[in-house]
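No value in this document is a laboratory result; all are computed from the given coordinates. In this text, all values refer to a predicted model and were calculated from it rather than measured experimentally. Here Cβ is always computed from backbone atoms with ideal geometry, including for glycine, and neighbour counts include all displayed protein chains.
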Amino acid sequence: MKIIARDIPPRTVWALEQAGVHPLLARLFAARGVMAKDELDDGLARLLLPDTLRGTREAAVLLADAMAQDKRLCIVADYDCDGATACAVGVRGLRLLGAKHVSYLVPDRVVDGYGLTPPIAERVADSGADMLITVDNGIASVEGVAAAKARGLQVLVTDHHLPGPELPVADVLVNPNQPGCEFESKSIAGVGVMFYVLLALRSELRTRGVFDVATQPKLDALLPLVALGTVADVVKLDANNRRLVAQGLRRIRAGAMPAGVAALFKAAGRTASAATTFDFGFALGPRINAAGRLADMTLGIECLLTDDAGRADELARMLDGINRERRDIEGGMRDQALLLAESLFAADDSGNGIAAPPAAISVFDANFHEGVVGIVASRIKDRFHRPTFVFAASGAPGKEQELKGSGRSIPGFHLRDALDLVAKRHPGVLLRFGGHAMAAGCTVAREHFKTFEQALAQVAGEWLAVAALTRQIETDGPIAREYMRIDLVDTLHREVWGQGFAPPTFSEDVEVVSQRLVGEKHLALKLRHQGQPIDAIWFSHTEPLPPKVKLAFRLDADEWQGVRRLRFLVEGAEF
């Protein structure tokens, strides 16, 4: 592991300070590319305009016409947190704007697979719907859209994933990554795309005289859901996404949120009035995702749709229980996957004891659960700093010989492009694939697993330099003693951090005074930092540290018996 410090442009820091930004925040923002204070303005007026997102105007006309004719609308969702929040935003928003007949359908991960498939389109048509609306999926569903159109359905695709070589022939496509779209926020989540469609629809309804600026419904009530889905989907938090998240957090902290969001905070033991992006990513998001992984995402969507606090609490408790089950399954899978991955790094057979580690890792076990492969892939990727795929046997009827894999990548390796190259080099090995640069999924026949494993490792070996296979932690360098205060921990936590706008991580040489294991899997430390004692915790790490070490850490507040104390959350060590 290598700990490196970000470049911090001093002139930008000075300019931000002169504009009134706190000195520590000025340094952190400058290191993340913020050039001026107005870039930190998170007001709704600073959001990118809906008209710049290709297809929103046409989508608004399509929806407004359908609503005027009392057509039945059915949303086809995805089974992750982005898909669930996008579905809830779509259902709530359309009803808020006057749609009388809005239903939804979410595929089953095991039985239906991903996206709008022809069987899903048939189910929507059989339900009596007139229009099918996809959220967080559909851009690759060429056959599914065709099946829907053949049944006489109008089709509106809203998605944010990268399109394949052929676009579906829908009535309207809204996707910032489709050809010809000049929308600046290419990283907007699926829930954000649906929110923008609703903004455009409201504008169209104003034009038609359905309501005016004074009487129009306030869509900002949907922003807590937009913020949750955006952070949970780990999309890049560019300026527009940060504004969406900041607006959602502001409402949650003020107590203005759907009953289900409040119930999820309660079930997770978190405080909504002090909500942070960490709560979205590590508390609420996983509980919603657990439903799609192990049960039925309908539970998650219903939790986000209900306005009954009692019902919301009941559903949140169910989601919490499913998440506990997910953690148990994940723990066993992770241990087995680690053993399989470590075997790939064993010494070769030449007798010289020198290993030739693969540049990418692919593992499969017949006992793996397909709902958890993505999480386990992320854990393996973090451990070995290699692009990683974890596979499980498909649980779909008649598909027992297919393996469904989920992959996670490292900087510099575009996972979907790599799968595309594997497919070209080895026709027939990949039955289906799709995704992003950092996360992707694919299906292979069990008999072709080894071919896939070797092919992916070969592509990674060609694309990744040796230096890229060494994990690096970017930090903000040392932290001055004057900033080692509880109130500044709270100040930092209130800001919007996440993918592409990394949370503040500092690094310094420290002295390890003592260390012990807690809970058998966490390392509790007593350190000496700049001559002063400080406690630290390294979660999910058991290996002891030397007496002197360079640590990468985040600032945190630990509360014990009503007393809050500063501590370090260790992210990595270099020695």
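Spacing of the modelled spin labels on T52 and A150, each 7 Å from Cα toward Cβ, amounts to 4.1 nm. Each label point was placed 7 Å from the Cα along the Cα-to-Cβ direction; for A437 and E314 their separation is 4.6 nm. When the chain is described by a simple charge dipole with +1 on each Lys and Arg Cβ and -1 on each Asp and Glu Cβ, the residue from V390, P165, H436 located farthest towards its positive end is H436.
Scoring 340-346, 551-557, 428-434 by mean Cβ neighbours within 10 Å over their residues and listing the highest first yields 551-557, 428-434, 340-346. In the chain, what % of DSSP beta bridges are antiparallel (nearest 5)? Beta bridges within the chain, antiparallel portion: roughly 65 percent. Every helix of 4 or more DSSP H residues in the chain counts as -39500 (n - 2.57), and over all residues that averages to -12000 deg cm²/dmol at 222 nm.
In terms of its alpha-carbon gyration tensor, the stretch 149-256 comes out oblate; a/c meets the 1.5 threshold, while b/c is at least as large as a/b. Here the calculated FRET efficiency for D382 and S514, from their Cβ-Cβ distance with R0 = 22 Å, stands at 0.25, rounded to the nearest 0.05.
Counting beta carbons within 10 Å around each of T298, T475 and listing the fewest first gives the order T298, T475. For the chain, the membrane-span-like helices by this rule, meaning whole DSSP H stretches whose C-alpha atoms cover at least 20 Å of axis and whose Kyte-Doolittle mean is -1.0 or above, are 81-96, 190-207, 239-253, 309-344, 449-463; this says nothing about an actual membrane. For the stretch 211-309, the convex hull spanned by the alpha carbon atoms encloses 117 Å³ per residue. Ranking G500, V489, N137 by how far each Cα lies toward the positive end of the dipole of the chain (charges on Cβ) leaves V489 at the top. Think of the chain as a dipole: +1 on every Lys or Arg Cβ, -1 on every Asp or Glu Cβ, centred on the Cα centre; then among P546, A125, G407, P546 lies furthest on the positive end.
For the stretch 106-145, the equivalent ellipsoid built from the Cα gyration tensor has semi-axes of 15, 12, 9 Å, listed from largest to smallest.
Bridge orientation summary for the stretch 357-457: considering DSSP beta bridges with both residues in this region, about 80 percent are antiparallel.
When the Cα gyration tensor is reduced to axis lengths a ≥ b ≥ c, the ratio a/c stays below 1.5 for the stretch 498-575, which is therefore classed as rounded. Both numbers refer to the Cα atoms of the chain; Rg and Dmax are 24.4, 81 Å. Taking one quarter of the surface of the convex hull spanned by the alpha-carbon atoms of the stretch 357-457 gives a direction-averaged projected area of 5.8 nm². Residue separation of K2 and A468 scaled by 0.36 nm, minus their Cα-Cα distance, works out to 166.7 nm of gained length. Separation of the stretch 475-533 from the stretch 399-449 is 38 Å, based on Cα centroids.
A Cβ-based charge dipole, computed about the Cα centre of the stretch 1-135 with Lys and Arg at +1 and Asp and Glu at -1, lands at about 420 debye. Rounded to the nearest 20, the size of the Cβ-charge dipole of the chain about its Cα centre is 820 debye, with Lys and Arg at +1 and Asp and Glu at -1. At an R0 of 41 angstrom, the distance between the Cβ atoms of A221 and A15 translates into a FRET efficiency of 0.65. The packing ranking, built from the mean of other Cβ atoms within 10 Å per residue, places the peptides 14-20, 145-151, 80-86, 134-140 in the order 80-86, 134-140, 145-151, 14-20, highest first. When the alpha-carbon atoms of the stretch 36-117 are used, the pair Rg, Dmax equals 16.2, 50 angstrom. The relative contact order of the chain, computed from alpha carbon pairs under 8 Å that lie at least 6 residues apart in sequence, is 12 percent. Of the residues R202, R123, the one with the fewest other Cβ atoms within 10 Å heads the list, and the complete ranking is R123, R202. Its alpha carbons considered, the stretch 263-370 gives a radius of gyration followed by a Dmax of 19.7, 67 Å. Positive contributions from Lys and Arg (+1) and negative ones from Asp and Glu (-1), summed over other residues with Cβ under 14 Å from the Cβ of A140, come out at -4. Taking Cβ atoms as reference points and 13 Å as the exclusive limit, the residues near G192 contribute a net charge of -2, counting Lys and Arg as +1 and Asp and Glu as -1.
Neighbour counting of Cβ atoms within 10 Å sorts the residues F211, F29, fewest neighbours leading, into F211, F29. Both radii were evaluated on the Cα set of the stretch 45-222; the Rg over Rh quotient, with Rh as the Kirkwood radius, amounts to 0.94.
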